[in-house]
Structure formats: C-alpha cells, structure tokens
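These notes concern the structure reproduced below.
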Amino acid sequence: MERAIVLAASAIGAGIAMIAGVGPGIGQGYAAGQGAAAVGRNPGARGNIMSTMLLGQAVAETTGLYGFAVAIILLYANPLLGKL
C-alpha cells in the first residue's frame, strides 16, 4: 500500500514538474516574435539580433530541461522507493 502511494505521488509530482516547460515555451515564442520584428525593422543587424535571441532562448530553455530531469528522476529513479 505504501509503495502504491509513493508511486502515485511520484506520478503527480512528475506531472507538476512538467509544467515547468510552459514558461520557456511562452518566453521563447515571444523572443522569436520580437527578434523577427527587430530584423524586419533593421535587416542589417540580422546577425547580432539572431545570435542574441538564440543565446537568450538557450538560457530560457534550461528551466524546462530541469523540470524534465526532475520528472524523469521521479518516474524512473525514485529515491523514495529505496526507503520502503
């Protein structure tokens, strides 16, 4: 019974951890839109705008990857199951 509760709580926790992917998705979409608008206003600065935008998107994506890593650990390498 305790094992089932731990597994259920882990599945719920993994689902909540995956919500961390929502913020980076919204932020990256906004950054891409603003980058495209900036290139439209100043096509000569395309290289600088694109490199800055891609660096910002890479930094924003790390939070989504951390959430994904937590979800995978909870589902497949759960440290709480060893305590039972």
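Which FRET efficiency value, to the nearest 0.05, do you get for Thr62 and Gln34 by plugging their Cβ-Cβ distance into 1/(1 + (r/R0)^6) with R0 = 25 Å? Walk me through the numbers on the way to the answer.
Numbers: r = 20 Å, r/R0 = 0.79.
Efficiency for this residue pair is about 0.80.
By the gyration tensor of its Cα atoms, with a ≥ b ≥ c the square roots of the eigenvalues, what is the shape of segment 2-83: rounded for a/c under 1.5, prolate for a/b over b/c, or oblate? Before the final figure, lay out the partial values.
On the way: a/c = 8.45, a/b = 3.76, b/c = 2.25.
Verdict is prolate for segment 2-83.
Measure nothing fancy, just the Cα-based angle from helix 2-17's long axis to the longest principal axis of the chain, in degrees from 0 to 90, nearest 10.
Roughly 10 degrees, rounded to the nearest 10.
If you stretched the chain out fully between Ala8 and Leu81, how much longer would it get, using 0.36 nm times the residue separation minus the C-alpha to C-alpha distance?
Values: separation 73, 0.36 × 73 = 26.28 nm, distance 1.17 nm.
Here the answer is 25.1 nm.
Any read-out appearing in this document is the output of simple, stated calculations on the displayed coordinates, not a laboratory observation. Everything numeric here is computed off the predicted structure, so don't read it as measured data. Don't worry about glycine lacking a Cβ; one is built from the backbone with ideal geometry, like all the others, and counts go over all protein chains shown.
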